[in-house]
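Visitor: Just passing along the structure, written as structure tokens.
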Amino acid sequence: MIRYVTIGKFAAESGYSENAVRAKIKNSVWLEGNVWKHAPDGRVLIDTEGYEKWVDGQMASEQLRKAA
């Protein structure tokens, strides 16, 4: 499995629409560096490991620890 995938590939695999993914990024539901990142060519890639942590609720606890 590839860790970083394009929004289109992620949408096809996850069931989220491309617009829903972009909305989560725009509204900071998914934070850069945690669930998505810019590739060296500027393209937005979804980190599938970060997404899985977000789904499992681990992302919020990690963010709280970093803020403390």
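Visitor: Answer with yes or no whether Val21 is surrounded by 11 or more Cβ atoms within 10 Å (Cβ to Cβ), β-branched (Val, Ile, Thr) and not in a loop (DSSP other than H, G, I, E, B).
Guide: Yes, satisfied.
Visitor: Six or more apart or on different chains, Cβ under 7 Å: which pairs go from a residue in the stretch 33-47 that's surrounded by 10 or more Cβ atoms within 10 Å (Cβ to Cβ) to one that's modelled with pLDDT under 95 and of a type in the set (A, V, I, L, M)? Could you list them?
Guide: These pairs meet every condition: Asn34/Met59.
Visitor: A follow-up question, please. Run Val29 past the list (1) over 16 Å from Met1 (Cβ atoms); (2) not in a loop (DSSP other than H, G, I, E, B); (3) not acidic (Asp, Glu) and report the number of the one that doesn't hold.
Guide: (2)
For every residue, the table says whether it meets (1) touching a helix residue (DSSP H, G or I) at 6+ places or on another chain (Cβ under 8 Å); (2) modelled with pLDDT under 95; (3) small (Gly, Ala, Ser).
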{"site": "Met1", "(1), (2), (3)": "yes, yes, no"}
{"site": "Ser14", "(1), (2), (3)": "yes, no, yes"}
{"site": "Asn19", "(1), (2), (3)": "no, no, no"}
{"site": "Val35", "(1), (2), (3)": "yes, no, no"}
{"site": "Gly50", "(1), (2), (3)": "yes, no, yes"}
{"site": "Val55", "(1), (2), (3)": "no, yes, no"}
{"site": "Gln58", "(1), (2), (3)": "no, yes, no"}
{"site": "Ala67", "(1), (2), (3)": "no, yes, yes"}
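Visitor: Starting from the stretch 11-32, take each residue that is without any contact (Cβ under 8 Å) to a residue 60 or more places away in the chain and list its partners that are aromatic (Phe, Trp, Tyr) and surrounded by 15 or more Cβ atoms within 10 Å (Cβ to Cβ), counting only C-beta distances under 6 angstrom and pairs at least six apart or across chains.
Guide: Lys24/Trp30; Ile25/Trp36; Trp30/Trp36
Visitor: In the list Val55, Val5, Val44, Val29, which residue meets the criterion of being β-branched (Val, Ile, Thr) and touching a Lys or Arg at 6+ places or on another chain (Cβ under 8 Å)?
Guide: Of Val55, Val5, Val44, Val29, the one residue that is β-branched (Val, Ile, Thr) and touching a Lys or Arg at 6+ places or on another chain (Cβ under 8 Å) is Val44.
Visitor: Return yes when Ile7 is modelled with pLDDT of 95 or more, in contact with a Phe, Trp or Tyr (Cβ under 7 Å, 6 or more places away or on another chain) and among the aliphatic types (A, V, I, L, M) and no when it is not.
Guide: no
Visitor: Anything in the stretch 4-17 that is surrounded by 14 or more Cβ atoms within 10 Å (Cβ to Cβ) and either part of a helix (DSSP H, G or I) or more than 12 Å from the chain's Cα centre (by Cα) (or both)? List them, or say none.
Guide: Ile7, Lys9, Phe10, Ala11, Ser14
The values are calculated or read from the model by the stated rules, or taken from the named source; none is laboratory data. In this text the structure is predicted, and so the values were computed from the model without any measurement. Here Cβ is always computed from backbone atoms with ideal geometry, including for glycine, and neighbour counts include all displayed protein chains.
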